[in-house]
Amino acid sequence: MTRGGFAGNILEVDLGEGAAQARPLDPEWCEKYIGGFGICVKLASDAIRPGTDPLAPDAPFVLGAGPLVGTSLPASSRVYAVAKLPESGAVGWCGAGGMHLGCMMKNAGFDHVIVRGRAKRPVYLSIENGEARIRDASALWGLGVEKTAEALWDSQGRPAGVISIGPAGENLVAYAMAYVDRFSSLGRGGFGAVMGAKNLKAVVIRGSLGVRVAEREQYRKLHNGLTDRIRNYKYLKEWQDLGLLKSLPLISREDYFKVKKRRVACVSCPIGDKDVVRVPDGAHAGLTACSSSMANLCLPLVYGFSDFRDAIACITELDSLGMDMFEFFGIMQFARALADHGILRLEPGEPAVDLASHESLRVWARRIALRQGTGDLLAGGFSAMLDRFGEKASDHAPYLAKNMLTYVGPRGPLPWGLVGTMELGQALDPRGPHVGASGSPTYFQKRPLSVFPKHLARMGVPPEAMARILPGTDIPGGEPRGLSVGRMLKYSQVWFAILSSLGLCARAQINRFYDSALAAELYQAVTGIPAWSETLSFKSQRVWTLLRMANAREGFTRVQDACPEKWFQEPAFKDYLTGRPVTRADLDRYTDEYYDEQGWDKKTGLPTPERLQELGL
């Protein structure tokens, strides 16, 4: 009998052969890798042949949703994709708010989808109640993300979950993204290009088969207690009204309420952190934009835009083209510096690069997406530009890790100068920079060490590890007297892997209501698989180490984890506790401690044979 919470099937698609076939999900994997993100990593590790070009026809990608997705648990909608990503060359993960997609996938009868091959012409994959069809997408090719989604909803009906790419993905821009239900981005690192290389314009999923819960009475008890806590949270309405602008106030509340049309939630989310806005006046009057956050729509203000209306228009165009906004602005900043120093020569008729000009960036976004003129070079990302211009260009590059913009840092678009788990993770995560910090206590805030033990305990950090992260806590009544960011990073990743494998949202405003013990209870209630905080932690460590091994086969070692040299230039990153500039020796020590906590070799960064045996790998 299929476990509760699992649909029990994997869909395998070969676009080159034009074939799709279902096979049973191995029930042992449900216990060994939790589900969702964890099983995505397992499937990708098995399917990706070492050395495969990320954009080759035989390079697969895996899409999946965890066992809590499709239930009524708050914010249980996350979907994940794992593939070899073109920007970093790593086997990396991409996560998105599932909107309808994850729920529809589970209700259509599938936990995971594996896609291989390259279609001879543009296609989209249609999945409904155990059936899959590969359909012609010639009429959709060239359309933007939102128009593609709308066309599929019109033809396939609602509700349906849709993943779609824009022209940037079609033309294999290295930092192209896919989008879920036109709101949520899926694919920092170039996942949109992975789809485009397969001539896969979209995936649309509908289902009505239902999701079974194993222990219904326990599920109801846990569900009711959780929803009551959320309902009574004193800041709930403020989160619902403002979303991420509550913690990232890039524009005034007055200006936000001028453009706010409504908030939109992923299935089962009590916060509703997505935004639909409408520009009421000015040159863009009447423009309606959909985004995973108003904070995203305001990013151009960081780069010099003076009018938030222009900022909304700019990000809306990038979303339509299917392009990573952070990478785009980083690339344009780099291009401007190279042009100013005579290293990059623009072609006749191309506008000057002006990061404060909506018109300049509008033209450049389209030239990149269509690979026109100099846009063809810029579409290759930082690595293509550095390869073209060599050492003379590197001094002008922004902070990079694994060929991607480290967008959190002293000079990043999200300026923050203290080294916490997210900052260190930008270099140590195989996929490169991301925001999957999962509620680490160092996340965009300087907190006293006295609050750390409670926070880490919620994440399931065991007492013996707590004493290594916070020396002094092993003494009865002892106060923390130090902080190991490297050791704490491991447990931030563990907590992220638990949430992601279950299918729970990792955004701070919702994951604050979950803790490791509750996560285990919910997992057991839904699936019927016995679970404790310690067992979920152990399994998520297995998942993260398996991901590390998949990248070891691609040649990733400690060398690729080295923190960028520019992190030590002024303005430099600073130590979280002391505020003094960090040195290379400091970050080497953080990295040593991270590897040690993981059970990985400190010289190579690779899991030791003893650790692999312990994890059953």
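Summary of computed values
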| quantity | calculated |
| --- | --- |
| Student exercise, the chain dipole from Lys, Arg, Asp, Glu Cβ charges, in Debye to nearest 20 | 1040 debye |
| Mean Cβ neighbour count within 10 Å, used as a protection proxy, ranking 117-130, 171-184 highest first | 171-184, 117-130 |
| Using θ = phi - 60° and Karplus 6.51 cos²θ - 1.76 cosθ + 1.60, couplings along segment 522-531 (whole Hz; Gly, Pro as x) | 5, 4, 5, 4, 6, 8, x, 8, x, 8 |
| Taking the chain and dividing mean pair separation by its residue count, relative contact order in percent (alpha carbons under 8 Å, at least six apart) | 15 percent |
| Antiparallel DSSP beta bridges within the chain, as percent of all bridges there, nearest 5 | 75 percent |
| Percent breakdown of C-alpha pair distances by 5 Å bin, ordered from the shortest bin, for segment 415-614 | 1, 7, 15, 20, 20, 17, 12, 5, 1, 0, 0 |
| ³J(HN,Hα), Karplus 6.51/-1.76/1.60, whole Hz, each residue of segment 481-493, x for Gly, Pro | 10, x, 9, 9, 5, x, 5, 5, 4, 4, 7, 5, 5 |
| Highest to lowest packing among 285-292, 545-552, scored as the average C-beta count within 10 Å | 545-552, 285-292 |
| Pairwise centroid distance, computed over Cα atoms, of segment 111-143 with segment 488-535, Å | 32 Å |
| Part-to-part distance (alpha-carbon centres) for segment 173-246 and segment 374-389, which is given in Å | 33 Å |
| Euclidean distance between Cα centres, segment 541-617 to segment 443-486, Å | 20 Å |
| Structure-based [θ]222 nm, the chain - -39500 (n - 2.57) summed over DSSP H runs of at least 4, per residue, nearest 500 | -11500 deg cm²/dmol |
| Anchor Lys261: lysines whose Cα lies under 28 Å away (excluding residues fewer than 8 positions away in-chain) | Lys147, Lys234, Lys237, Lys246, Lys274 |
| Segment 9-206 - percent relative contact order, Cα under 8 Å, separation 6 or more | 23 percent |
| For Kirkwood radius over Cα pairs in Å, calculated from these coordinates, the label among (i) 33.1; (ii) 24.4; (iii) 28.7 | (ii) |
| Relative contact order, percent, segment 415-614 [alpha-carbon distance under 8 Å, six or more residues apart] | 24 percent |
| Asp273 long-range amide H proximity, modeled H, under 5 Å | Cys266 |
| Sparse-neighbourhood loop sites, trypsin sites (Lys or Arg not before Pro) in segment 205-311 - DSSP loop, at most 16 other Cβ within 10 angstrom | Lys234 |
| For the chain, with +1 on Lys and Arg beta carbons and -1 on Asp and Glu, the positive-most of Phe257, Ile10, Gln560 along the dipole | Phe257 |
| Cβ-based net charge around Pro24, under 13 Å, with every Lys or Arg adding one and every Asp or Glu removing one | -2 |
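Every number here is computed from the coordinates shown, using simple stated rules; none is lab data. These numbers come from a predicted model, not from an experiment. All Cβ positions, glycine included, derive from the backbone under ideal geometry; neighbour counts span all protein chains shown.
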